[in-house]
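Report on the following structure.
The values are calculated or read from the model by the stated rules, or taken from the named source; none is laboratory data. These numbers come from a predicted model, not from an experiment. All Cβ positions, glycine included, derive from the backbone under ideal geometry; neighbour counts span all protein chains shown. Remember, those area values only see protein heavy atoms, side chains included, never the ligands or the DNA or RNA. Shrake-Rupley method; radii C 1.70, N 1.55, O 1.52, S 1.80 Å.
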Amino acid sequence: MIVPGARPIVFLTDFGEGGFYAGVLRAVAAATSPTSPLIDLSHDVRPHDVRLASFVLALSLDYLPRGAVVVAVVDPGVGGERRGLIAEIGTRAVVAPDNGLLSDALASAAGARIRAIVEAAVARATGARVRGATFHGRDVFAPVAAALARGAPPADFGAETGSAVLLRGVPSASIEPATPDHPGRVTGVGRMIDRFGNILTDIPRSAVEHLAGADSCRVTVGGVDAGPLRRTYADGAPGEVIALLNSWDVVEAAVREGRAADRFPGRDPSQIRFELRRD
């Protein structure tokens with residue numbers, strides 16, 4: 001049955017753009033919910049990088065269409081003991097493995113409802129069956145997301161659970177309040193390097209404002225003095241490592257017309273420490 005106005009389905013995976021795995025995921029969703037708009041958020045998450053997927057999901061969630069259903073599949077433990085989850089976060093739902101991928105989104109979400117997916121319930125509600133143990137994105141998560149997009153209630157797929165696996169140290173931002181003997185500081189680490197070589201953190205504007213405000217902070221990035229927080233990339237001199245609050249409202253390190261990541265060769269973003277102090 002065609003359901004007019006079915007909810008959009010959004011994909012976030014580490015399947016890559018060049019192969020056919022992502023295409024099969026889209027095909028399964030389209031076969032079950034043919035009127036759903038299909039949106040590829042990204043299939044280029046680094047393979048097996050659950051921390052990166054968690055960060056990308058949280059940054060993007062508020063910009064997805066209201067009512068969107070997200071299929072988030074970065075699942076190195078596929079076929080093992082980890083559960084599948086449906087997380088209702090505001091008007092949106094995320095279907096994902098219970099491996100920490102929801103950590104950042106749940107940290108900033110109030111009142112999220114989480115259900116554990118029962119494979120037998122998936123078969124009853126969608127007719128889908130698991131063909132082997134290594135492609136639950138195709139056999140479980142995409143069919144569940146498409147059914148939700150068509151209006152199936154989340155309760156059809158499992159009972160609410162009071163827990164989800166959370167990654168250690170995520171989010172990484174930490175605030176040390178000012179005292180008479182200490183000016184206070186905010187610390188965190190890089191969470192991703194974008195294609196421009198910018199190093200994004202999960203240190204939000206609220207943490208900066210708790211410290212002193214964006215106009216009175218000095219930033220150290222990986223032991224390099226990046227000076228005060230800037231407003232735009234153009235506020236830095238060519239070749240200078242700078243820090244700014246970016247358009248995602250988190251602290252980022254950049255080099256004007258260059259790559260900040262190249263200043264820390266071979267280092268994973270999580271090894272690059274950011275520290276903000278009152279100037």
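What number goes with the only condition from (1) more than 20 Å from Ile114 (Cα to Cα); (2) open to solvent by 60 Å² or more (accessible area, probe 1.4 Å); (3) in contact with a strand residue (DSSP E or B) (Cβ under 7 Å, 6 or more places away or on another chain) that Ala207 does not pass?
Only one criterion is unmet by Ala207, namely (2).
Of the residues that make up segment 224-235, is at least one open to solvent by 10 Å² or more (accessible area, probe 1.4 Å), hydrophobic (A, V, I, L, M, F, W, C) and touching a helix residue (DSSP H, G or I) at 6+ places or on another chain (Cβ under 8 Å)?
Among the residues of segment 224-235, at least one is open to solvent by 10 Å² or more (accessible area, probe 1.4 Å), hydrophobic (A, V, I, L, M, F, W, C) and touching a helix residue (DSSP H, G or I) at 6+ places or on another chain (Cβ under 8 Å), which makes the answer yes.
Could you tell me which residue of segment 210-223 is most open to solvent (accessible area, probe 1.4 Å), considering only residues that are closer than 23 Å to Asp262 by Cβ and part of a loop (DSSP other than H, G, I, E, B)?
Gly223
Looking at Val241, is it in contact (Cβ under 8 Å) with a residue 12 or more places away in the chain, of a type in the set (A, V, I, L, M, F, W, C) and within 20 Å of Ala207 (Cβ to Cβ)?
Numbers: in contact (Cβ under 8 Å) with a residue 12 or more places away in the chain: yes; of a type in the set (A, V, I, L, M, F, W, C): yes; within 20 Å of Ala207 (Cβ to Cβ): no.
When the stated conditions are applied, Val241 does not pass them.
Would you pick out the residues in segment 5-50 that are open to solvent by 30 Å² or more (accessible area, probe 1.4 Å), under 30 Å from Val250 (Cα atoms), in contact with a strand residue (DSSP E or B) (Cβ under 7 Å, 6 or more places away or on another chain) and not in a strand (DSSP E or B)?
Arg7
Can you report the number of residues in segment 154-177 which are in contact with a strand residue (DSSP E or B) (Cβ under 7 Å, 6 or more places away or on another chain), touching a residue at least 12 places away in the same chain (Cβ under 8 Å) and at negative phi? Walk me through it before giving the result.
Our first condition is that a residue be in contact with a strand residue (DSSP E or B) (Cβ under 7 Å, 6 or more places away or on another chain); within segment 154-177, this holds for 154, 157-161, 164, 171-176.
Next, from what is left, pick out any that are touching a residue at least 12 places away in the same chain (Cβ under 8 Å): 154, 157-161, 164, 171-175.
Filter again for at negative phi, leaving 154, 157, 159-161, 164, 171-175.
Residues that pass the stated criteria total 11.
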